[in-house]
Amino acid sequence: MKKIVLASLSAKFIHSSLALRYLTKFNHNDEKHHIKTMEFTINQRLDFMADELFRQSPDVILFSCYIWNVDMLKALCPLLKKIMPRCIIGFGGPEVSYESETFLRDNPSVDFIMRGEGELVFSELLNYLDFGVPASLYDIKSMTFRDGNDIVSTAQQEPLDLALLPFPYAEDFSDVENQIIYYESSRGCPYSCGYCLSSIEKGVRFVPLDNVYPALQKFLDHKVRQVKFIDRTFNCKKSHAMGIWRYLAEHDNGITNFHFEITADLLDQETIEFLQTVRKGLFQFEIGVQSTNPKTIEAINRNVSFEKLSGIVRQIKAGGNIHQHLDLIAGLPHEDYDSFGRSFNDVYALQPEQLQLGFLKVLKGSMIYNRQQEFGIVYQDIAPYEVLTTHMLPYEDTLKLKAIEEMVETYYNSGKFLHTLEYLVPLYDSPFAFFEQLSQYWIAEKCHYQYQSKIGLCNVLWAFVQQNPKVDLTRFCWLLKFDLALHEKPKKLPEWLTVSNEAQYRHQILAFYRDDVMTAQYLPHYKGVDSKVTARQTHLEVFGDAEHIAVLFDYDHKDLLQNARYTVIPLEKLAQAEANLANARTGKDAMHN
């Protein structure tokens, strides 16, 4: 029996490999074959990975290959062949499923490729390796392999019946501890977006809901923090999506969050009204806008009405219970710098919880790849094949957009400056203009030359806003202080952030923590805890210059953006707590007298 290692190189440790788990558990291969899975990250050294693989003494190694790891794998495999010359090395995954023969010619240390879906192919390959059935690789579909000096590709495997998919994780989830959990309830996509490989596969297949529900219940019973559905367009079939959403709402454990990639304009009013009833934090949506330029949308075959999409996004936003991540792609056909700026402003106006500014990746097999010369697209030769220039986007504009992307990630998507930005951005000509000017300052001051701490980011923003006479610096400071307190108990603040009402309200705040009635009302889970401990683990501060507002931050309860739960405390409650403490002391003094 051959010893077979399934290996992956994820972008980060927190990313788990769903592909490896499906391959291992499909048809119970792990019970009748000798299979081991190994998960690495692209941040580990090649020699470390080679050493660990060598220690397994494998006969066959099969790598799951994607744009984020293909170049490392190309460098790793020649090393493996030198230290394990008899080991057979195979690749699978979307990065090698197209132009597979060319890939093998260019990478002599790779012996074979499994194209497309791997479950059936891998199952047959295992039987061939261990039992000689079938008798030849020629009899296994979706294989590209070497036969002497020739490279051979067999016919494509028929799509898998998704009812056969196993539950991919261990019953106790010990195999994905501290990692993101991925789940799949459909394969394929009904759309033909020109930049996406999902458009190549025609039709959509679904896991039967009777198979999905038990899997969902396992997630709920184990109270995992988050499950990310990798369905390309989760809500393309209303009955399937609503079946899952209703089940999750009815069986909600109050903890688990479920992430879905959806097409917003497919949501009808009945669905929207239902979504507005679910627990805050139960669902999280990722919505691909990509561009609001009609000519661009037509060129990439999106055919999505931004007017309709934006109306639905606003309705979901009004519900206040679902985080929305909206995506834009820079470098698409017919979109120049100014046009992208308009797309950015259109999406920013929807106030998504996150605005993902990505760059076109020219993927082998996609329509964009086949028409790259027509659109004047020049891209990186190595993965992730990111756009450099187009017929309408010179590289100097790409570079500016890269800097803007960094500012959006740092100050907006991080969630650490949201209230500050709500005040600042309207003081500039447009949201795009704000991030553009901030990025120009960032580059001019060489802030990108070194890591910026939280305090460093505050210092940059402070220096930047002083250039704008419209900014009320005192208001800016209060809002920034609020944002800082929202993420963690303030300990070290920037030297210039001196706004404070601490002296005026210090005694009232101390009295609040010592008042059992107050803490029972506002911090019931701290009942019986010493007031000093409660004060250390929470934060109560009075904000504002002319008008004061008391806010209590509870760091034991945070949302997905790591914002603490906070409660506004009426100022009269603080005064009442101080009076209660004074009366208690007076009563004690009277008893002693």
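List of remarks:
- Residue selected from segment 522-574 under the condition part of a loop (DSSP other than H, G, I, E, B) and polar (S, T, N, Q), by the criterion most open to solvent (accessible area, probe 1.4 Å): Gln562
Quick grid of which residues meet (1) touching a Phe, Trp or Tyr at 6+ places or on another chain (Cβ under 6 Å); (2) of a type outside the set (S, T, N, Q); (3) within 23 Å of Leu486 (Cα to Cα):
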| position | (1), (2), (3) |
| --- | --- |
| Glu409 | no, yes, yes |
| Tyr412 | no, yes, yes |
| Asp429 | no, yes, no |
| Phe432 | yes, yes, no |
| Gln437 | no, no, no |
| Ile443 | no, yes, no |
| Lys446 | no, yes, no |
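- Condition check for Asp429 on (1) in a loop (DSSP other than H, G, I, E, B); (2) surrounded by 21 or more Cβ atoms within 10 Å (Cβ to Cβ): one failure, at (2).
- Residue in segment 443-465 that is among the aromatic types (Phe, Trp, Tyr), under 25 Å from the mean Cα position of the chain (by Cα) and more than 23 Å from Lys492 (Cα to Cα) present: no
- Unique residue being farther than 29 Å from Lys223 by Cα, basic (Lys, Arg) and under 24 Å from the mean Cα position of the chain (by Cα) when the list is Arg246, Arg314: Arg314
- From Arg105, Arg55, Arg86, residue being over 19 Å from Leu20 (Cα atoms), in contact (Cβ under 8 Å) with a residue 40 or more places away in the chain and out of contact with any helix residue (DSSP H, G or I) (no Cβ under 8 Å at 6 or more places or on another chain): Arg105
- Verdict on Ser430 being of a type in the set (Gly, Ala, Ser), over 30 Å from Ala75 (Cβ atoms) and under 23 Å from the mean Cα position of the chain (by Cα): no
- When Phe206 is tested against (1) at pLDDT below 95; (2) over 22 Å from Ser16 (Cβ atoms), only condition (1) is not met.
- Enumeration of residues in segment 442-470 that are surrounded by fewer than 17 Cβ atoms within 10 Å (Cβ to Cβ) and either under 23 Å from Ala349 (Cβ atoms) or among the hydroxyl-bearing types (Ser, Thr, Tyr) (or both): Tyr449, Tyr451, Ser453, Asn468, Lys470
- Residues in segment 477-492 that are open to solvent by 20 Å² or more (accessible area, probe 1.4 Å) and at pLDDT 95 or above: Trp478, Leu479, Phe482.
- Checked against (1) in contact (Cβ under 8 Å) with a residue 60 or more places away in the chain; (2) in a helix (DSSP H, G or I); (3) of a type outside the set (Ser, Thr, Tyr); (4) under 20 Å from Gln562 (Cβ atoms), Lys489 passes all but condition (2).
- Residue satisfying condition, being without any contact (Cβ under 8 Å) to a residue 40 or more places away in the chain and under 20 Å from Thr410 (Cα atoms), within set Gln351, Gln372: Gln351
- Cβ-Cβ under 9 Å pairs, at least 6 apart or on other chains, segment 140-161 side at positive phi, far side surrounded by fewer than 17 Cβ atoms within 10 Å (Cβ to Cβ) and outside any strand (DSSP E or B): Ser142/Ala155; Ser142/Gln156
- Residues satisfying the stated conditions in segment 1-23, i.e. assigned to a strand (DSSP E or B), over 20 Å from the mean Cα position of the chain (by Cα) and of a type in the set (A, V, I, L, M): Ile4, Val5, Leu6, Ala7
- In segment 246-270, the residues that are polar (S, T, N, Q) reach residues that are in a strand (DSSP E or B) with C-beta atoms within less than 6 angstrom, at least six apart or across chains, in these pairs: Asn257/Gln226; Asn257/Gln284.
- Against the test of being without any contact (Cβ under 8 Å) to a residue 40 or more places away in the chain and of a type in the set (D, E, K, R), the options Lys280, Lys317 yield a single qualifying residue, Lys317.
- Candidate set from segment 6-36 (those that are over 15 Å from Glu119 (Cα atoms) and of a type in the set (Ser, Thr, Tyr)); member that is surrounded by the fewest Cβ atoms within 10 Å (Cβ to Cβ): Ser10
- Residue match in segment 75-90 (condition: surrounded by fewer than 17 Cβ atoms within 10 Å (Cβ to Cβ) and under 29 Å from the mean Cα position of the chain (by Cα)): yes
- Considering segment 511-521, and only residues there that are assigned to a helix (DSSP H, G or I) and in contact (Cβ under 8 Å) with a residue 12 or more places away in the chain, the residue that is surrounded by the most Cβ atoms within 10 Å (Cβ to Cβ) turns out to be Phe512.
- Residue list for segment 45-58, restricted to those being in a loop (DSSP other than H, G, I, E, B), open to solvent by 60 Å² or more (accessible area, probe 1.4 Å) and on the phi < 0 side of the Ramachandran plot: Arg45
- Within segment 364-402, the set of residues being closer than 25 Å to Asn345 by Cβ, open to solvent by 30 Å² or more (accessible area, probe 1.4 Å), of a type outside the set (Asp, Glu) and part of a helix (DSSP H, G or I) comprises Tyr395, Leu399, Lys400, Lys402.
- Meets criteria (aliphatic (A, V, I, L, M) and surrounded by 19 or more Cβ atoms within 10 Å (Cβ to Cβ)) for Ile140: yes
- Condition check for Glu405: within 21 Å of His448 (Cα to Cα) and open to solvent by 10 Å² or more (accessible area, probe 1.4 Å): yes
The values are calculated or read from the model by the stated rules, or taken from the named source; none is laboratory data. Quick caveat, the model's predicted, so the values are computed rather than measured. Cβ: placed from backbone, ideal geometry, glycine included. Neighbour counts: every protein chain shown. These accessible areas exclude ligands, DNA and RNA; they are computed on the full protein's heavy atoms, side chains included. Shrake-Rupley method; radii C 1.70, N 1.55, O 1.52, S 1.80 Å.
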